[in-house]
Structures are given as C-alpha cells and as structure tokens.
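Data block below; observations after.
The values are calculated or read from the model by the stated rules, or taken from the named source; none is laboratory data. Note that the structure is predicted; figures quoted are calculated from it, not measured. Methodologically, a virtual Cβ is constructed for each residue, glycine included, from the backbone with ideal geometry; neighbour enumeration extends over all protein chains shown.
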Amino acid sequence: MKITLLKGDGIGPEIADQVVRILDTLNLPFEYETYEIGQNAYDKYGVLIPDEVIESIKKNKICLKAPVTTPVGKGFRSVNVGLRLAFDLYANIRPAKNTDGVKTRYDNVDLVVFRENTEDLYIGEEEVIDDNTVEAIKRITKTASDRIIRSAFEYARANNRHKVTCVHKANILKKSDGLFLSEFNKIKEDYPDIEANDLIVDNTCMQLVMKPEQFDIMVMPNLYGDIVSDLTSGLIGGLGLLPSVNKNDDVAIFEAVHGSAPDIAGKGIANPTALLYSACMMLDHLNYKDEAAKIRNAVSDVLKNTDVRTPDLGGSSSTIEYVDEIIKRL
Ligand code: NAI
C-alpha cells in the first residue's frame with residue numbers, strides 16, 4: 001500500500017522521520033512516496049505544491065503530512081489551505097483526549113472538534129478598500145455546512161457518542177452563522193438518537209475551560225474550529241498531543257494540529273506524539289486498529305511509567321530518546 005509522505009519543514013522532518021521509524025517496527029505493508037512542499041519545494045521547483053504531490057495524493061488517497069511554515073502577513077497563501085482546497089477536504093476532525101501519564105488540570109476530556117475546512121474567512125478574499133479600510137469575506141454556504149454537520153452526526157452514531165454541539169456566533173452574524181445554525185437545527189432532526197445543542201463561541205471557550213467533560217462532538221465553521229481546537233489541545237497537555245485528519249469521502253490527509261514550531265526546529269526536542277497520534281488515526285482509517293491501539297498504549301506506558309518525555313511535557317528528553325522508549329514497548 002502506497003502512502004504519500006510530506007515531511008514539511010521546521011520540526012516537520014524531525015518528527016516525520018521518527019513517526020515512520022515507529023510505524024516501521026510494526027511491519028505494516030506501507031511504501032512511502034515522499035515529496036517536499038512549501039518553501040523547500042518553492043526554492044527547488046518554483047512551486048509550493050508540485051503537481052506530482054497532487055497526483056500522488058490523488059492516486060494513493062492517503063497522505064501523512066508534517067507541518068509546513070506559512071509566512072504571516074506576506075508571501076504565499078498557506079500550503080495547508082491549498083491542499084485542503086485542492087482536494088475539497090471538507091472535514092477537519094480533531095480529537096482531544098487525555099493521555100494516561102500526562103498530568104493536566106483535567107482528567108476527563110474526550111471530545112472531537114469537527115471543523116468546516118473549505119470556506120468561512122479561509123477563502124482568503126480580502127480587499128483593501130482605502131488607506132484606512134480592509135475587508136475580508138466570510139463565506140458560509142448551505143452545501144458546506146450540511147456536509148460537515150452531517151458528518152459530525154454520522155461520526156457520533158458510528159462511534160457511540162451521545163451528543164453533538166454546534167458552535168457559532170449567530171447572535172451577531174445573523175445571516176452567515178445563522179445559516180450554519182439553521183442547517184444544524186434541520187439536520188439534527190434526522191438523528192433523534194443523538195442529543196444536540198448549540199452554544200455561542202465565546203461562551204464555548206469559557207465552558208471548555210470550566211467543564212470540558214460536558215462536550216462530546218463539536219461542529220463549527222472554519223475559523224472557530226481552528227481556534228477552539230488549539231484551546232482543546234491546552235486541555236490535554238498542549239499542541240504536541242493533538243492529532244487531526246483533513247478528509248472527504250475519498251481522500252484523507254493526516255497531520256498534527258500544530259505548526260512547524262520554528263522556535264524549537266533543529267534542536268531535536270520536538271514532541272512527535274501529535275503526528276504519531278495522527279498516524280494512529282490513519283491506521284484506524286485503514287483498518288489496522290490493533291496496531292493503532294498498540295502504539296497508543298506504548299505512548300501511555302512511556303509517559304505513565306518513565307520520566308522520558310520532551311520539554312513541552314515537562315521533561316528533558318530528546319525526540320529520539322522518547323521514540324526509542326516507545327519502540328522498546330512495541
Ligand atoms: P506552532 O504550532 O508551530 O507553535 C506554537 C508553540 O507550540 C511553539 O512554542 C512551539 O514550539 C510549540 N509546539 C508546537 N508543536 C510542538 C511539538 N510538536 N513539540 C513541542 N512543542 C511544539 O504555531 P506557530 O508558531 O503559530 O506557527 C509556526 C508556523 O507553522 C507558521 O508558519 C504557521 O503558519 C505554520 N502552521 C502550519 C500548520 C500545518 O502545517 N498544518 C498548522 C499551524 C501552523
């Protein structure tokens with residue numbers, strides 16, 4: 001089975017190599033097609049996403065991707081957004097769950113954010129009106145709202161989850177978020193077995209910090225999903241632990257939620273767990289559920305029973321020392 005592998009930049013290659021090392025210990029029938037994207041690809045080929053990357057993902061339908069840098073306020077549009085749009089990967093699914101052995105203020109977090117991934121402010125349509133004014137378009141459509149909301153309910157049903165919460169700001173954005181909310185209220189009628197409620201995004205942030213256990217599946221437009229899911233990573237021990245997938249019904253790109261962490265790149269101390277958990281989601285998706293469970297158990301075992309951990313989790317180990325411990329247990 002061929003998998004497209006994008007190692008990214010910053011801490012990307014450091015963590016991608018270690019995740020592949022872990023997967024290799026399980027004798028999975030994977031062959032990797034490895035490509036560069038982003039600035040590295042631009043420097044070599046003059047494009048941010050080479051055509052062969054698109055072709056490879058189109059053919060393999062499965063991609064494991066490490067983070068890629070996007071310059072702030074200048075330069076090219078995000079490669080991440082570009083890939084999501086190229087394949088119309090409308091669902092960005094980000095599960096946040098406590099890991100045994102990682103001490104946080106909470107021990108009861110087990111929620112999944114469903115973030116709409118193709119529209120909202122991320123369409124990047126900004127216009128300079130005059131010296132004093134810039135406008136950005138927030139686009140919400142019925143089609144995109146329906147498919148992300150429906151996929152959240154379907155996921156809840158398939159995974160024995162009991163509740164879906166719609167997050168919005170329809171009190172202010174009455175038409176755009178209003179549309180998202182009204183689609184939610186229509187679609188929930190098709191899932192009477194699942195509890196459904198809605199919350200305004202600012203209240204959601206407060207509730208997440210006060211009582212995260214009240215949340216199960218959460219569905220929301222693009223920007224709120226981006227922000228709220230970073231918040232949920234803070235509930236479980238930080239960005240080094242939060243995995244994700246960008247998918248539609250055909251193609252899936254698995255990646256950590258975090259970015260290329262330029263502040264620690266090249267130091268050998270990046271936490272590879274978020275990308276490793278993303279690889280576990282990939283294994284689940286490909287029906288290697290036992291292997292995914294083995295990896296998750298090995299991670300918990302290391303974090304519960306040893307002091308070996310990267311600095312973001314309060315330790316002093318290197319990426320490689322941590323991965324060595326995981327591999328010992330596999
Ligand atoms: P970031 O997620 O790279 O880093 C935020 C903070 O978390 C930093 O202090 C960093 O050291 C820490 N951190 C992140 N991942 C970590 C890990 N695995 N282990 C230990 N510490 C970790 O966010 P930032 O700094 O806002 O973005 C850096 C670049 O990454 C930007 O160019 C941004 O556009 C890009 N980015 C790319 C993403 C992707 O490729 N999917 C997603 C988010 C940002």
Q) Which residue pairs have Cβ atoms under 7 Å apart, sit 6 or more places apart or on different chains, and have a first residue in the stretch 16-36 that is in contact (Cβ under 8 Å) with a residue 60 or more places away in the chain and a second that is in a loop (DSSP other than H, G, I, E, B) and among the basic types (Lys, Arg)? A) Ala16/Lys7
Q) Only one residue in Lys7, Lys97 is crowded, with 16+ Cβ neighbours inside 10 Å, within 15 Å of the ligand (Cβ to nearest atom) and under 27 Å from Asn248 (Cα atoms), so which one is that? A) Lys7
Q: Can you give me the ranges of the helices (runs of 4 or more DSSP H) entirely in the stretch 1-70 with at least 2 residues that are closer than 17 Å to Asn271 by Cβ?
A: 12-24
Q. Among the candidates Ile253, Ile236, which residue alone is more than 9 Å from the ligand (Cβ to nearest atom), within 14 Å of Ala66 (Cβ to Cβ) and of a type in the set (A, V, I, L, M)?
A. Ile253
Q) Within the stretch 79-89, is there a residue that is of a type in the set (D, E, K, R), closer than 19 Å to Leu6 by Cα and in a loop (DSSP other than H, G, I, E, B)? A) yes
Q: Take Val323 and decide whether it is more than 20 Å from Leu64 (Cα to Cα), more than 10 Å from the ligand (Cβ to nearest atom) and crowded, with 22+ Cβ neighbours inside 10 Å.
A: no
**Q.** Index of the failed condition, Leu83 passing every other in (1) modelled with pLDDT of 95 or more; (2) crowded, with 24+ Cβ neighbours inside 10 Å
**A.** (1)
Q | In the stretch 224-262, the residues that are touching a strand residue (DSSP E or B) at 6+ places or on another chain (Cβ under 8 Å) and farther than 26 Å from Arg105 by Cβ | A | Val245, Asn246, Lys247, Asn248, Val251, Ala252, Ile253, Phe254, Glu255
Q) Of the residues Leu85, Leu111, Leu48, Leu89, which single one is in contact with a strand residue (DSSP E or B) (Cβ under 8 Å, 6 or more places away or on another chain), within 15 Å of the ligand (Cβ to nearest atom) and among the hydrophobic types (A, V, I, L, M, F, W, C)? A) Leu89
Q) Which condition number does Glu36 fail, the rest of (1) acidic (Asp, Glu); (2) modelled with pLDDT under 95; (3) more than 16 Å from the ligand (Cβ to nearest atom) being met? A) (3)
**Q.** Residues (small (Gly, Ala, Ser) and under 18 Å from the mean Cα position of the chain (by Cα)) located in the stretch 120-155
**A.** Ser151, Ala152
**Q.** the stretch 121-138 residues that are closer than 20 Å to Gly225 by Cβ, paired with ones that are assigned to a loop (DSSP other than H, G, I, E, B) and basic (Lys, Arg) (beta carbon under 6 Å, 6 or more apart)
**A.** Leu121/Lys138; Gly124/Arg77
Q | Tally, over the stretch 307-319, of residues that are more than 12 Å from the ligand (Cβ to nearest atom) and exposed (fewer than 15 other Cβ atoms within 10 Å of the Cβ) | A | 2
Q: Can you tell me which residue among Ile54, Ile15 is more than 16 Å from the ligand (Cβ to nearest atom), at negative phi and out of contact with any Ser or Thr (no Cβ under 6 Å at 6 or more places or on another chain)?
A: Ile54
Q) Out of curiosity, is Gly266 within 16 Å of the ligand (Cβ to nearest atom), surrounded by fewer than 19 Cβ atoms within 10 Å (Cβ to Cβ), more than 13 Å from the chain's Cα centre (by Cα) and not in a strand (DSSP E or B)? A) yes
(Q) So for the stretch 283-290 (the condition being free of Cβ contacts under 8 Å to residues at least 40 places away in the same chain, surrounded by fewer than 20 Cβ atoms within 10 Å (Cβ to Cβ) and not in a helix (DSSP H, G or I)), does at least one residue qualify? (A) yes
